[in-house]
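Okay, so here's the structure we're looking at.
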Amino acid sequence: MKVEKMKIQHIDPRDIEIPKVRIDSAFDQDILEMFADDIKKTGIEQALIVGRSGDHLWVIDGLHRLQQALLNGFPTVPCIVRDMDLKQIQIRNLVSNRLRGKTKTSEEIKVVGDLYTNHGATIDEIVEKTGMRRDRLETMILITQAHPEILRALDDEQISFAAAGELIRFKDPRHQHAMLMSCIQYRPKAADLRTWVTDAIKLIDEQKTATIAAGPPPTPAVPTAPCACCQGNFPLQQLSGVPLCRSCHSLLIQAYDEVKKLEAAQAKAAAAAVQLAPQPSGSGAGSP
């Protein structure tokens, strides 16, 4: 079968965009320096793979070459351009960088999460296009939905992919984060971490069962305090504190006592007046 040779186009590197989420090949610093020096001396000999989606050109393979072309002010770069949508571009980026070997797991997870969440790619589709294992893909998607510090720790290479897979066994992000902090501090072996997580999940389930069995907690009593004047008990939120010196506070209490005495005397006088008032005479039986 005859394979058609792809036509190479020369494109202004400033017209080529970089997807926000993508995988980059990982190189040691000395290799990158040698690579940059070679590009500067000999130019770009290997064409970039570029995806065209509408009016946009997206780099799929050759990000480091593109960056060096921009740094050196190259007017054009050789490119093989393929028409594809953003989902196809992401999948191709995932495949091409995995075939090279060394990539950052955190970047793979971000691309898989972007494909699954933003571009509607199914797990079956990603498995078919990339050859990745289904269980690994499912773990990656769960990591993108877990506590964000897990992905950040993976990106900083503080934990392994296997450790992240253990942490997402917790359903509550708070528990994921708590165990992550222990991982970073103590660096447990994979078998030890699995035991830690298993024991912690068992304890959480036991505590949850005990809480359900105990029923809802009793309604707490509303705290009260006596009023300084009337001595009646009131909820604390119904009491107000006015800043007074001791002398004024004493005068206020005395004034309150005098008011209460006056009210009592007035009530007593009113009752006596009612008793002393003449009673109306009743009508006789023969009254017309």
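The values are calculated or read from the model by the stated rules, or taken from the named source; none is laboratory data. Computed from a prediction, not measured in an experiment: that's the story for all the values here. No Cβ is skipped: glycine too gets one built from the backbone with ideal geometry, and neighbour counts run over all protein chains shown.
A compact table of results
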item: Sole exception among (1) outside any loop (DSSP other than H, G, I, E, B); (2) closer than 24 Å to W58 by Cα for R174, by number; result: (2)
item: Residue within region 127-135 that is in contact with a helix residue (DSSP H, G or I) (Cβ under 8 Å, 6 or more places away or on another chain) and over 30 Å from M6 (Cα atoms) present; result: yes
item: Conditions (1) over 33 Å from the mean Cα position of the chain (by Cα); (2) at pLDDT 95 or above; number of the one not met by L57; result: (1)
item: Yes/no for V95 being assigned to a helix (DSSP H, G or I), modelled with pLDDT under 90 and touching a helix residue (DSSP H, G or I) at 6+ places or on another chain (Cβ under 9 Å); result: yes
item: Verdict on R100 being crowded, with 16+ Cβ neighbours inside 10 Å and modelled with pLDDT under 90; result: no
item: Criterion (buried (at least 18 other Cβ atoms within 10 Å of the Cβ), aliphatic (A, V, I, L, M) and out of contact with any Pro (no Cβ under 7 Å at 6 or more places or on another chain)) met by exactly one of L94, L71; result: L94
item: Of the criteria (1) surrounded by fewer than 16 Cβ atoms within 10 Å (Cβ to Cβ); (2) touching a Gly at 6+ places or on another chain (Cβ under 9 Å), which one G120 fails; result: (2)
item: Pick from region 28-46, criterion out of contact with any helix residue (DSSP H, G or I) (no Cβ under 9 Å at 6 or more places or on another chain) and of a type in the set (A, V, I, L, M), ranking: surrounded by the most Cβ atoms within 10 Å (Cβ to Cβ); result: M34
item: Within region 109-136, considering residues that are modelled with pLDDT under 90 and part of a helix (DSSP H, G or I), the one nearest to R22 (Cα to Cα); result: T130
item: Conditions (1) in a helix (DSSP H, G or I); (2) polar (S, T, N, Q); (3) over 30 Å from S250 (Cα atoms): number failed by Q158; result: (1)
item: Hey, I201 part of a helix (DSSP H, G or I) and in contact with a His (Cβ under 9 Å, 6 or more places away or on another chain) or not; result: yes
item: Failed condition for T139, given (1) surrounded by fewer than 17 Cβ atoms within 10 Å (Cβ to Cβ); (2) assigned to a helix (DSSP H, G or I); result: (1)
item: Output for region 142-152, where each listed residue is outside any loop (DSSP other than H, G, I, E, B) and over 18 Å from R194 (Cα atoms); result: T144, P148, E149, L151, R152
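Matching residues to (1) within 24 Å of M140 (Cα to Cα); (2) at pLDDT below 95; (3) surrounded by 15 or more Cβ atoms within 10 Å (Cβ to Cβ); (4) not small (G, A, S):
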site	(1), (2), (3), (4)
L167	yes, no, yes, yes
H177	yes, no, yes, yes
E206	no, yes, no, yes
T209	no, yes, no, yes
P216	no, yes, no, yes
A225	no, yes, no, no
C229	no, yes, no, yes
G232	no, yes, no, no
G241	no, yes, no, no
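Rundown of residues vs (1) touching a Gly at 6+ places or on another chain (Cβ under 9 Å); (2) in a helix (DSSP H, G or I), yes/no style:
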{"site": "K7", "(1), (2)": "no, no"}
{"site": "R14", "(1), (2)": "no, yes"}
{"site": "R22", "(1), (2)": "no, no"}
{"site": "F27", "(1), (2)": "no, no"}
{"site": "I31", "(1), (2)": "no, yes"}
{"site": "Q46", "(1), (2)": "yes, no"}
{"site": "G51", "(1), (2)": "no, no"}
{"site": "W58", "(1), (2)": "yes, no"}
{"site": "H64", "(1), (2)": "no, yes"}
